[in-house]
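First up is the structure itself, then whatever we jot down about it.
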Amino acid sequence: MISSVLVANRGEIARRVFATCRARGLATVAVFSDADAHSPHVAEADRAVRLPGNAPADTYLRGDLIVAAAKAAGADAIHPGYGFLSESAKFATQVADAGLTWIGPPPASIETMGSKVESKKMMADAGVPVLSRLDPDQITEAELPVLVKASAGGGGRGMRVVRKLADLTEEIESAAREAGSAFGDSTVFCERYVETGRHIEVQVMSDQHGTTWALGERECSVQRRHQKVIEEAPSPLVERIGQHLRDEMLTAARSAASTIGYVGAGTVEFLADHDGSFFFLEMNTRLQVEHPVTENTTGLDLVGMQLDVANGLPLEGPEPTLHGYSIEVRLYAEDASADWQPQSGALHRIEIPEVRAEFAPLTERGIRLDSGVVSGSEVSTHYDPMLAKVIATAPTRTEAARILASALQRAHIHGLITNRDLLVGVLREPDFLSGHFDTGYFGGHEPAGLAGSAAGDPGIAALAAAVADAVRDHSRLHLPAGIPAGFRNVPAGPATRTYTVGENEHVVSYRWGRHGIELDDQPGVQVVAAEPSVVTLEVDGVEQRLTVTRYGTELVVVDTADGAVALRPVPRFVDPSQAVAAGSLVAPMPGSVTRIAVEEGQQVEAGAPLLWLEAMKMEHVVRAVEAGVVEQIAVSVGQQVEPGTVLAVVGAGEQEEDA
Amino acid sequence: MTRLPTMVDSSSAEFQAAAAAMTTKLEEIAGEQAKAVTGGGPKAIDRHHSRGKQTARERIELLLDRESPFLELCALAGWGSDFAVGGSIVAGIGVVNDVECLIIANDPTVRGGASNPWSMRKTQRLHAIVEQNRLPLITLVESGGADLPTQKDVFIPGGAMFRNMTRLSRAGVPTISIVFGNSTAGGAYLPGMSDHVVMIEEQSKVFLAGPPLVKAATGEESDDESLGGASMHARQSGLADYYALDEQDAIRIGRRIVARLGWKKQSQPDTANPLPPRYDPEELIGIVPEDLKSPFDPREVIARIVDDSDFDEFKPLYGSSLVTGWAQLHGFRIGILANARGVLFSAEAQKAAQFIQLANRSDTPLLFLHNTTGYMVGKEYEQGGIIKHGSMMINAVSNSTVPHISLLMGASYGAGHYGMCGRAYDPRFLFSWPSARSSVMGPQQLAEVVYTVSKASAQAQNKPFDEDGAQAVRLAIEQQIEAESMPLVLSGMVYDDGIIDPRDTRAVLGLALSAIHTAPVEGTDAFGVFRM
């Protein structure tokens, strides 16, 4: 029997597995890269083993190091989580060879299903409906658009939609390159691209004794760039079409699993059209990110079941069915309005209100949180930018969407741009609520518009920030207590404070009146109460309580009723000499250039010596202030220079690809 | 503690009438202050802005710590003269990097910031405040020098400005000049006499003579930058200590200079977190009756300006026309002398002399609340020694070394103005309420005296007396004196440091007291011979 589990993963899934292990009295072992050294998953584990470096290839993809870590820390089983090595048959074999229990399917199953080409053939033979594979060389105009997919892996990587025949070859090559670097297997294939497809999948669980349960379906059609954003159980499409569709899908999933002698948790993914016709896409031989919606609607602990199956226990009793609704959103640190750019840095605060369960099934109405981060976590660029999963359970889908939107809206998420506003926007959008959507959802529903509908009002946030900062600055003055703030015996112009929200500048004008602070040019707005961290504004007759949180001098976050707004205070003063210093390097004194160490176009690190000046019989080194590219060497050896002469310019360098 | 009671009923007819009268006066004064605030007017300000420059007030606002108070001084200097209200200078006490400083800014929108006779008077008054209270002086310079048409009134007395600067420096009071534009001819000595000088790239111009004058004097061809540009002064002459790239950079540097002065107040408030008055200071608007002939109880004022309305009265049963007692204001200990029924008798004068000596023993600053028609006249009082006793009071006031602040609430006539520490008695600060009046005696009495004297003279010489004509003259004189005793006139002459809204009294006095405590507060036991 398993007594100590190492999770070969990070973030929320590591925490999820540890939670079940702790509940069952099992010891826990974490592995971590350097960037993750202070992550919650490391702090929570009983023991932790460092994987030096940061790149996945150096850390979480190093099966050898992970097996050694398990040995060193006394783990007798390894749970792979999702991603990384979870679908590596080689790693599964390595684990078993080392005498450890692999909490996952047999390597052969992984291998079969890992090849999308192979698996489709087997599924077709077993009577599961499949989309036929297209020969790239035979594809005609009529078959467009086509989907290029990596045979290994998933998550949208190595995947391309091709709409022009002329682009096909290039896209296949690029997809192959991406697949090669992501999964170590550059095999790609083409199939018909179902534009209005709905992504529906079935959770299966098989024991070592030949029993396979199909634990209802999930729908994950709201995707961006082939990556799931919102997942739910049951599927609105299946609900609409009727029980017979569910029966067909569950049957297909059971036969998919049993055909290959599957053991453990797995997911059979289908692509369906709006009429309920569906095709087998692939089978994921691991626990899915979105497993909580199945847990919440079945009441099962899927990680617990994985442990049971790995321990050889049989699945007993009747196959569980779905009750109620559960919707999960993936909270990403990404900027939906800037091409989904991942964000990194300090996540100063993350607080989701009314959480009733963490890392455990929640079958009653409420919010479950599976988070990989906590307030104060650093989010690095090395890994997936998913911060947390927020999951709602409710008797109806409408209610689940409502409580999830509400929880997100009232969440305090400070420090990083996230997709929170977008998620709230989707959860309140009529097409989503009515269940009429497909994987092209964001094509028809502009993310910026959805996010904007749910975002806090930056104008109001700027007013609150200015008022709070003014009160705070007044309280910090070293004057006799009680002297009124901003007192002027001769009335003068208003004071101003400026903040930027994204690209936009907000200038707040205010003055201190006889009865407190008054806002200029804001006819409908009154300051009801003001403290350094809480401001109550009356806006058109309605009071709003706004909390103001500062992080250093460069970030102010105002929590409005609609959500947090991040503001950057524009400093009162700028030191122009600082601005000059960046990039251009000027001679500090008169002298002659004795030596030049770099060439134009050369990449330099901050502090790297660029050239030497001789003055007053002493040699002075001129160093790069910041890392960058030497854009210009403005002097030559032997040249006499005056103070202030530009010697060299170091810049960010032009983007080669864009040129 | 002794809490003052109140009889004020803000719903009473008297209160409402007094408040209405005060509101009217405040509106008139606000109108005059607004003129000072606009300086050279909207057009001049637009032109100034279009050159990328800030106005004097904008420069001050940027120099001050955010949300800090600014006690503007002598804002109405020059009122009633041919010159713009304000004396082409904006000045006051403000907080720069936690240090209370006195800031003087030339207003370049008013005739290029040129100094006229009122600028001079105001500057000299401000320099006196700097010297007495040891406040670091920051001058924001942009002035074309003397207003040439009035040079006879400016040139000779104006020399004192530079002498003051160096004497301040000798006394260890830091002087900082930030040069925003012209500072030429005599004005060039302003940075020259300052401890710290900031100049701005291609904006500051500091030279004794500009290119045309140099050409005329020596034939030399030159230009502004080589004669007095910031770059030249920073790199060659060494007159500029700091080279700023623009206005905000200059102000930023100015704030850094203050931060490095290590300037500390000599004392802090005696109570760190004082309680506000128990009665609403807003009610100060309705305390002074429109007709100054009706007396009012100054305790109602005291109750609305001192901490917790807590006032320990000294000798309340003796000389009751003058209220004396101890209190704290924004945590600073003060002794208060306040006229209760206008007239000062022998008892009041003696009580004041004793109280002032006591304040000097305990190093307590004094606040004089004026509403006096002067010392009592008449046979009985002359025989009782009113001159002797009035002299005791003036002796005490004159030689007292604790800081004094005067506030003219109502009348301040005759020798009573002197005894209550009028302008000539060098109070550290002197403010007026809009209801204040000050002259040698009440306008009516003065007109009456003139009338009586002329009638007596006519009768003595047996000349016919034109009663109607004399009555007309009497009325004219009364009106003239009434007009001359108005606070706007007095403020225009720089006989006070500003007219304040009665509701602002506590804040203004608090700021004044705080500034005062930058310098040591020390009493004396050395007075002139008290004539007993």
Which order do A:Thr393, B:Thr505 fall in if you start with the one that has the fewest other Cβ atoms within 10 Å?
-> B:Thr505, A:Thr393
How large are Rg and Dmax for chain B when only the alpha carbon atoms are used, in Å?
-> 25.3, 82
What net charge is computed for the residues neighbouring A:Ser186, neighbours being all others with C-beta under 11 Å from the C-beta of A:Ser186, Lys and Arg scored +1, Asp and Glu -1?
-> -2
B:Thr524/A:Glu642 FRET efficiency (R0 60 Å; Cβ-Cβ; nearest 0.05) = 0.50
Loop sites in the stretch B:270-361: trypsin sites (Lys or Arg not before Pro), DSSP, at most 13 other Cβ within 10 Å = B:Lys293
Over all residues in B:58-67, what is the mean tally of Cβ atoms on other chains that come within 10 Å of each residue's Cβ?
-> 5
So what's the back-of-envelope 222 nm ellipticity for chain B, counting only DSSP H runs of four-plus at -39500 (n - 2.57) apiece and dividing by all residues, rounded to 500?
-> -12000 deg cm²/dmol
The rounded separation in angstrom of the Cα centers of the stretch B:152-202 and the stretch A:333-407 is 63
Give the cross-link partners of B:Lys315 among the aspartates and glutamates, using a straight C-alpha distance below 20 Å as the criterion and excluding same-chain residues fewer than 8 apart.
-> B:Asp297, B:Glu300, B:Glu348, B:Asp363
Provide the net charge surrounding A:Ala451, with neighbours chosen by a C-beta distance below 13 Å and charges set as Lys +1, Arg +1, Asp -1, Glu -1.
-> -3
Calculate the mean, over all residues of peptide A:471-481, of how many other protein chain Cβ atoms lie within 10 angstrom of the residue's Cβ.
-> 6
Separation between the B:Glu484 and B:Arg170 pseudo-spin-labels, each 7 Å from Cα along Cα→Cβ, expressed in nm?
-> 3.8
Per residue of B:275-282, what is the mean number of Cβ atoms on other protein chains within 10 angstrom of that residue's Cβ?
-> 1
For the stretch B:39-259, take the alpha-carbon Rg, divide it by the Kirkwood Rh, and send me Rg/Rh.
-> 0.94
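Given Cα positions, please report Rg to Rh for the stretch A:493-581, the hydrodynamic radius being the Kirkwood one.
Rg/Rh for the stretch A:493-581 comes to 1.01.
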Based on the mean of other beta carbon atoms within 10 Å per residue, what is the order of A:601-607, B:488-494, most packed first?
-> B:488-494, A:601-607
Given 25 °C, 0.890 mPa s and a Kirkwood radius over Cα pairs, the Stokes-Einstein diffusion coefficient of the protein assembly as shown in µm²/s is 66
For B:Leu73, residues with placed amide H under 5 Å, excluding near neighbours = B:Ala91, B:Gly92, B:Ile93
Within the set of other residues whose C-beta is less than 15 Å from the C-beta of A:Ala166, count the net charge using Lys and Arg as +1 and Asp and Glu as -1.
-> -4
Value of D in µm² per second that Stokes-Einstein yields for chain A, Kirkwood Rh from Cα pairs, at 20 °C (1.002 mPa s) = 76
Arranged by the count of other C-beta atoms within 10 angstrom, fewest first, what order do A:His478, A:His226, B:His389 take?
-> A:His478, A:His226, B:His389
Pairs from A:Lys90/A:Lys116; B:Lys35/B:Lys122; B:Lys53/B:Lys205; B:Lys122/B:Lys388; B:Lys43/B:Lys215; B:Lys53/B:Lys265 whose Cα-Cα separation, in the structure shown, is over 26 Å | B:Lys122/B:Lys388; B:Lys43/B:Lys215; B:Lys53/B:Lys265
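Can you say what percent of the DSSP beta bridges in the protein assembly as shown, counting only those with both residues inside, are antiparallel? Round to 5.
Given both bridge residues lie in the protein assembly as shown, the antiparallel proportion sits at roughly 70 percent.
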Could you name the aspartates and glutamates whose alpha carbon sits less than 20 Å from that of B:Lys455, not counting residues in the same chain fewer than 8 places away?
-> B:Asp466, B:Glu467, B:Asp468, B:Glu478
By counting other Cβ atoms within 10 Å of each Cβ, how are B:Glu484, A:Glu231, B:Glu382, A:Glu191 ranked from fewest to most?
-> B:Glu382, B:Glu484, A:Glu191, A:Glu231
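Taken together, the values in this text are just the output of simple stated rules run on the coordinates, not laboratory data. The structure displayed is predicted, hence computed values, not measured ones. Backbone-built Cβ (ideal geometry, glycine too); neighbour counts: all protein chains shown.
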